1. Which one of the conditions (1) closer than 25 Å to S79 by Cα; (2) in contact (Cβ under 8 Å) with a residue 60 or more places away in the chain does G93 fail to meet, given that it meets all the rest?
2. What's the number of the condition K127 fails, among (1) loosely packed, with under 14 Cβ neighbours inside 10 Å; (2) in contact (Cβ under 8 Å) with a residue 24 or more places away in the chain?
3. Residues being loosely packed, with under 13 Cβ neighbours inside 10 Å and either within 23 Å of R90 (Cα to Cα) or in contact (Cβ under 8 Å) with a residue 60 or more places away in the chain (or both): count how many of those fall in the range 41-75.
4. Anything in the range 133-149 that is in contact (Cβ under 8 Å) with a residue 24 or more places away in the chain and among the charged types (D, E, K, R)? List them, or say none.
5. Right, R161: under 24 Å from S180 (Cβ atoms), surrounded by fewer than 16 Cβ atoms within 10 Å (Cβ to Cβ) and at pLDDT 90 or above or not?
6. List the pairs whose first member sits in the range 164-193 and is over 22 Å from V96 (Cβ atoms), whose second member is among the basic types (K, R) and modelled with pLDDT of 85 or more, and whose Cβ atoms are under 7 Å apart, counting only residues at least 6 apart or on separate chains?
7. Could you tell me whether L146 is surrounded by 15 or more Cβ atoms within 10 Å (Cβ to Cβ) and either aliphatic (A, V, I, L, M) or closer than 30 Å to Q71 by Cβ (or both)?
8. Would you call R104 surrounded by 14 or more Cβ atoms within 10 Å (Cβ to Cβ), modelled with pLDDT of 90 or more and of a type in the set (D, E, K, R)?
Amino acid sequence: MKNWSGQIFPITLLALVAALSYWLQASLNAEAPGSKIRNDDAPDAFAEKFEIRRHDEDGQLRYRLSAPYLQHFPHDDSSEIRQPELTAYRKDGPPVTMTAGQARVTEQGAKVVLSDSVRVVRAEYAKRPALVAETSLLHVKPDAGLAETDQELLITYGSSRISGVGARIDNNASTFVLKSQVRGQYLAPRAKP
C-alpha cells in the first residue's frame, strides 16, 4: 500500500493555488471599467451651474433651461435637475418662465416634469399685468410649447384670482385652460378718469 498522506499535501496546495487564482481574477474583473457588476441606477455624469439653449430653424431662441445642479442616469437616459428655471420664448409675446424645486428630463429633453412648488410666470406686457400660476406638478413639452397638470392650480392675474384642478397651457396660443372645479374672482381694472 502506498503512503497517501505524502500525496495529499501537494494536491491540497495545488487546489489552494487554483482557488486563490480564481478569486483574484474574479475580484479584478469586478473592479474593471465596463464590468458586468455595476449599479444601473447610479448617475454617470453631473453638471453644476449649467444652461441649455434651444433655437428654432430660423435661429431664434425657443427656450432656455438653467439650474445649479443636474445628474444624468444612463439606465433610462433621464436627468434629474435641482431648482430648474425653464424659459419659453415667442416672437409675438412675452417670455414664460417656469421654476420648481426639481425636475426630471426624459426623451432627450422632449419631456420635462417639474415638481415641488412649480411656478409659471408670463411677464407683464402691453399694459397687461403679469400672470402667475402655481401648482405642485407640471408636465412640459418645451419643443411643442405645451404644459399640462392634473393637480390643483392657482392663477393670479393682476388683482384677479382663479383656481381649478387640472390645466392645459399652450404657450403658442397664449392660453390656460382649466379642466375642473374652477372658481375665481375677477376684478376689472379701474378706468382712469
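1. (1)
2. Single failed check for K127: (2).
3. Residues that pass the stated criteria total 8.
4. Hits for the range 133-149 are K141, D143.
5. yes
6. Every condition considered, the pairs that remain are Q185/R161.
7. Details: surrounded by 15 or more Cβ atoms within 10 Å (Cβ to Cβ): yes; either aliphatic (A, V, I, L, M) or closer than 30 Å to Q71 by Cβ (or both): yes.
Yes; evaluated as a whole, the condition is true for this residue.
8. On the way: surrounded by 14 or more Cβ atoms within 10 Å (Cβ to Cβ): yes; modelled with pLDDT of 90 or more: yes; of a type in the set (D, E, K, R): yes.
The answer is yes for R104.
The values are calculated or read from the model by the stated rules, or taken from the named source; none is laboratory data. From a predicted model like this one, the values you see are computed outputs, not experimental measurements. Counting neighbours? That spans all protein chains shown, and the Cβs are built from the backbone with ideal geometry, glycine included.
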